[in-house]
Amino acid sequence: MKISELYDLWFYGFYRLFQRTAWPWFSYGKTAICIAALELFFLVGVLTLYGLLSKQSLPLGAHTKVVTIVTSVVLSLANYSYFVANDRWQKCVAKYNRLFERDNVRSQVVFWLVNLSIMGFLLFVVYLKNRRWW
């Protein structure tokens, strides 16, 4: 399975989640924003873990907020252009609707495992940063 197919499957999981809410409008846009947020969380976790392991702070200084905002905007625009701008989201949803008509439980388990592992990784890094055990 290619990385782009896994990315499409991740998109499909969020899309299905937002379709089940009380307001299913603009589900594809909310999905792109959610994926960008999780990517940002993962990036922050990796950078923080790097800082903890190397015992050096990143040379961002006072520009941390600006870098975070720029990174968020870049990730959101990248996801928007990948999924929404070319109507790729419709092809992705149609493909995985056919694929998971019967076997929806397995796809939901994989979807939640990926999302919870990213959040667990971020929480673990925050725990390490606050604990400073080394």
(message) Would you confirm, using the coordinates I've provided, whether residue 81 is among the polar types (S, T, N, Q), under 22 Å from residue 39 (Cβ atoms), free of Cβ contacts under 8 Å to residues at least 24 places away in the same chain and part of a helix (DSSP H, G or I)?
(response) yes
(request) With respect to residue 129, determine if the residue is of a type in the set (D, E, K, R), assigned to a helix (DSSP H, G or I), surrounded by 12 or more Cβ atoms within 10 Å (Cβ to Cβ) and at pLDDT 80 or above. (result) no
(request) Name every residue in the range 7-32 that is at pLDDT below 80 and surrounded by fewer than 17 Cβ atoms within 10 Å (Cβ to Cβ), in order of residue number. (result) 7, 20, 21, 22, 23, 24, 25, 26, 29
(request) Report the residue count in the range 18-45 for those that are assigned to a helix (DSSP H, G or I) and free of Cβ contacts under 8 Å to residues at least 60 places away in the same chain. (result) 15
(request) Would you point out which residue out of 113, 122 is closer than 30 Å to residue 49 by Cα and in contact (Cβ under 8 Å) with a residue 24 or more places away in the chain? (result) 122
(message) Going by what's in this entry, would residue 69 be described as part of a helix (DSSP H, G or I), among the β-branched types (Val, Ile, Thr) and surrounded by 12 or more Cβ atoms within 10 Å (Cβ to Cβ)?
(response) no
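The values are calculated or read from the model by the stated rules, or taken from the named source; none is laboratory data. Worth saying up front: this structure is predicted, and the values here are computed from it rather than measured. Please note: Cβ atoms are built from the backbone with ideal geometry, for glycine as well, and neighbour counts cover all protein chains shown.
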